[in-house]
1. Ratio of Rg to Rh for segment 78-160, alpha carbon only, Kirkwood?
2. Mind putting a number on the dipole of segment 15-162 about its Cα centre? Charges go on the C-beta only, +1 for Lys and Arg and -1 for Asp and Glu, and I need it in Debye to the nearest 20.
3. How many angstrom lie between the C-alpha centres of segment 94-162 and segment 1-15?
4. Using r as the Cβ-Cβ distance of Arg92 and Ala66, and R0 as 35 Å, what FRET efficiency do you calculate, to the nearest 0.05?
5. Quick one: 3J(HN,Hα) in Hz for segment 19-27, Karplus 6.51/-1.76/1.60 with θ = phi - 60°, rounded, Gly and Pro as x.
6. What value does the chain have for Rg/Rh, both radii from Cα atoms and Rh as Kirkwood defines it?
7. Computed on alpha carbon atoms, what radius of gyration and Dmax characterise segment 2-75, expressed in Å?
8. Can you spot the lysines whose alpha carbon is less than 24 Å from Lys146's alpha carbon? Ignore those fewer than 8 places along the same chain.
Amino acid sequence: MKLDINGQEHEVSDENPHRVLLWVLRDELGLAGTRFSCGAGICGACTVHVDGVVTRACISPISLLAGKRIRTVEGLSRPGPDGKPRLHPVQRAFLQVQAPQCGWCMSGQMMTAAALLEKNPSPSPEQVVEAMSHNYCRCGTYPRIKKAVLAAASQLAEETEP
Ligand code: FES
Ligand code: FES
């Protein structure tokens, strides 16, 4: 079967269609930015986008994903003004704010943040907290995550100003 991941088509075996996306990404395609933590759809470490919607890769069988657009953290960057890939504003803001501690939860955090800003480019602090509340960080970096998401929203606003 074919999976559309970060705009590229990947042929993957459909011998076991119950295999979950997380292991296909990490073990078969080498896209190890998507993390494994709880494995039960709870913590958010494995968050990707499927047709723009935040999705837990650890509980998503590949049989449900044919024909859908999957985006992982490796696909978040986008062309800058010079046409070269440039980190997504969320990635830049997480770096600027130095949000990570151990870093394990961060790709999932950034995927959730990017999905939020696509739907709501200027969220209030309360909306950020609510949107990010299903992604857990065992290092407790929540204040920095909130700061980074708000900083990313400001960067996005600057970039889209005429
Ligand atoms: S590893 Fe998927 S939600 Fe925790
Ligand atoms: S930075 Fe360590 S789990 Fe979030």
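Here, each number is a calculation from the coordinates, and none is a lab measurement. Everything numeric here is computed off the predicted structure, so don't read it as measured data. Please note: Cβ atoms are built from the backbone with ideal geometry, for glycine as well, and neighbour counts cover all protein chains shown.
1. 0.96
2. My answer is approximately 260 debye.
3. Answer, in whole Å: 29.
4. Efficiency computed from Cβ-Cβ geometry: 0.60.
5. 4, 8, 4, 3, 6, 5, 4, 6, 8
6. Values: Rg = 15.6 Å, Rh = 16.1 Å.
Result for the chain is an Rg/Rh of 0.97.
7. Answer for segment 2-75, Rg first and Dmax second: 10.8, 29 Å.
8. Lys119
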